[in-house]
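The values are calculated or read from the model by the stated rules, or taken from the named source; none is laboratory data. Being a predicted model, the structure only gives us computed values, none of them experimental. Here the Cβ positions follow ideal geometry from the backbone for every residue, glycine too, while neighbour counts run over all protein chains shown.
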Amino acid sequence: MHQGEDLGRWVRAQRLGFDKLTGAQQWLCEHIGIEPAGDDEEPEPRRSQSDKWAITCTAAKQFYERRGHLRVSRNTSNASSPTAVITAAATARAARSGRNERSCSGHG
(Lines give C-alpha, C1' and ligand atoms only; values in the text may rest on other atoms or scores of the structure.)
Protein backbone atom coordinates (compact mmCIF):
# COMPACT_ATOMS: atom_id res chain seq x y z
CA MET A 1 0.00 0.00 0.00
CA HIS A 2 1.18 3.47 -0.83
CA GLN A 3 -0.90 6.49 0.17
CA GLY A 4 -3.95 4.27 0.54
CA GLU A 5 -3.55 2.72 -2.91
CA ASP A 6 -2.97 -1.00 -3.28
CA LEU A 7 -0.26 -0.90 -5.93
CA GLY A 8 -0.50 -4.59 -6.77
CA ARG A 9 -4.21 -4.22 -7.48
CA TRP A 10 -3.56 -1.10 -9.56
CA VAL A 11 -0.88 -2.82 -11.67
CA ARG A 12 -3.16 -5.82 -12.23
CA ALA A 13 -5.98 -3.50 -13.31
CA GLN A 14 -3.68 -1.74 -15.79
CA ARG A 15 -2.50 -5.06 -17.23
CA LEU A 16 -6.03 -6.46 -17.55
CA GLY A 17 -7.43 -3.25 -19.04
CA PHE A 18 -4.39 -2.39 -21.14
CA ASP A 19 -6.39 -2.12 -24.37
CA LYS A 20 -8.64 0.51 -22.76
CA LEU A 21 -5.71 2.79 -21.88
CA THR A 22 -4.73 5.69 -24.12
CA GLY A 23 -1.57 5.38 -26.19
CA ALA A 24 0.29 7.64 -23.76
CA GLN A 25 -0.87 5.58 -20.77
CA GLN A 26 0.20 2.38 -22.49
CA TRP A 27 3.61 3.87 -23.24
CA LEU A 28 4.03 4.99 -19.63
CA CYS A 29 3.05 1.56 -18.34
CA GLU A 30 5.44 -0.18 -20.70
CA HIS A 31 8.17 2.29 -19.72
CA ILE A 32 7.92 1.19 -16.05
CA GLY A 33 7.64 -2.50 -16.92
CA ILE A 34 3.87 -3.03 -16.96
CA GLU A 35 2.82 -5.08 -19.97
CA PRO A 36 -0.61 -6.28 -21.13
CA ALA A 37 -2.00 -9.37 -19.42
CA GLY A 38 -1.61 -12.62 -21.30
CA ASP A 39 -4.55 -14.39 -22.89
CA ASP A 40 -4.56 -16.94 -20.06
CA GLU A 41 -4.96 -14.27 -17.34
CA GLU A 42 -8.46 -13.34 -16.22
CA PRO A 43 -9.72 -10.87 -13.65
CA GLU A 44 -10.80 -12.28 -10.31
CA PRO A 45 -14.57 -12.49 -9.94
CA ARG A 46 -16.05 -9.63 -7.94
CA ARG A 47 -17.06 -10.47 -4.39
CA SER A 48 -20.56 -9.72 -3.22
CA GLN A 49 -21.13 -7.62 -0.10
CA SER A 50 -22.23 -10.80 1.67
CA ASP A 51 -18.97 -12.52 0.75
CA LYS A 52 -16.95 -9.52 1.92
CA TRP A 53 -18.89 -9.43 5.19
CA ALA A 54 -18.30 -13.17 5.74
CA ILE A 55 -14.55 -12.69 5.23
CA THR A 56 -14.52 -9.75 7.63
CA CYS A 57 -16.48 -11.69 10.26
CA THR A 58 -14.13 -14.64 9.97
CA ALA A 59 -11.17 -12.30 10.44
CA ALA A 60 -12.81 -10.70 13.47
CA LYS A 61 -13.56 -14.07 15.05
CA GLN A 62 -9.97 -15.24 14.50
CA PHE A 63 -8.60 -12.02 15.98
CA TYR A 64 -10.94 -12.31 18.97
CA GLU A 65 -9.91 -15.93 19.57
CA ARG A 66 -6.24 -14.89 19.60
CA ARG A 67 -6.57 -11.65 21.57
CA GLY A 68 -9.85 -11.89 23.48
CA HIS A 69 -11.03 -8.48 22.23
CA LEU A 70 -11.69 -6.50 19.06
CA ARG A 71 -9.77 -3.37 20.05
CA VAL A 72 -7.11 -3.14 17.37
CA SER A 73 -4.56 -0.36 17.63
CA ARG A 74 -3.70 1.51 14.45
CA ASN A 75 -0.12 0.26 14.55
CA THR A 76 -1.13 -3.41 14.82
CA SER A 77 -0.04 -5.49 11.89
CA ASN A 78 -1.84 -8.76 11.35
CA ALA A 79 -0.36 -10.36 8.24
CA SER A 80 -2.43 -13.52 8.58
CA SER A 81 -5.69 -11.58 8.64
CA PRO A 82 -5.45 -8.03 7.26
CA THR A 83 -9.19 -7.43 7.48
CA ALA A 84 -9.06 -7.67 11.29
CA VAL A 85 -8.05 -4.01 11.50
CA ILE A 86 -10.94 -3.01 9.25
CA THR A 87 -13.31 -5.16 11.28
CA ALA A 88 -12.22 -3.62 14.56
CA ALA A 89 -12.60 -0.11 13.17
CA ALA A 90 -16.10 -0.89 11.86
CA THR A 91 -17.05 -2.50 15.16
CA ALA A 92 -15.83 0.54 17.08
CA ARG A 93 -17.74 2.91 14.79
CA ALA A 94 -20.91 0.88 15.17
CA ALA A 95 -20.51 0.82 18.96
CA ARG A 96 -20.00 4.60 19.09
CA SER A 97 -23.06 5.21 16.95
CA GLY A 98 -25.18 2.71 18.88
CA ARG A 99 -25.92 0.71 15.75
CA ASN A 100 -25.58 -2.96 15.07
CA GLU A 101 -26.83 -3.29 11.52
CA ARG A 102 -25.19 -6.61 10.80
CA SER A 103 -24.11 -9.56 12.80
CA CYS A 104 -21.46 -12.12 12.08
CA SER A 105 -23.80 -14.91 13.10
CA GLY A 106 -25.98 -14.23 10.07
CA HIS A 107 -28.97 -13.21 12.19
CA GLY A 108 -28.27 -9.53 11.71
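A few points about this structure:
- Pair list, Cβ < 8 Å and 6+ apart or interchain, from region 21-42 residues that are part of a loop (DSSP other than H, G, I, E, B) to residues that are surrounded by fewer than 10 Cβ atoms within 10 Å (Cβ to Cβ): 36/19
- Within region 29-43, being modelled with pLDDT under 90 and either surrounded by 10 or more Cβ atoms within 10 Å (Cβ to Cβ) or within 13 Å of the chain's Cα centre (by Cα) (or both) holds for 41, 43.
- Evaluating residue 88 against the criteria (1) surrounded by 11 or more Cβ atoms within 10 Å (Cβ to Cβ); (2) modelled with pLDDT of 90 or more; (3) farther than 27 Å from residue 18 by Cα leaves one unmet condition, (2).
- The set of residues from region 44-62 being in a helix (DSSP H, G or I) and surrounded by 11 or more Cβ atoms within 10 Å (Cβ to Cβ) comprises 51, 52, 53, 54, 55, 56, 57, 58, 59, 60, 61, 62.
- Filtering region 2-20 to residues that are not charged (D, E, K, R) and not in a loop (DSSP other than H, G, I, E, B) leaves 2, 7, 8, 10, 11, 13, 14, 16, 18.
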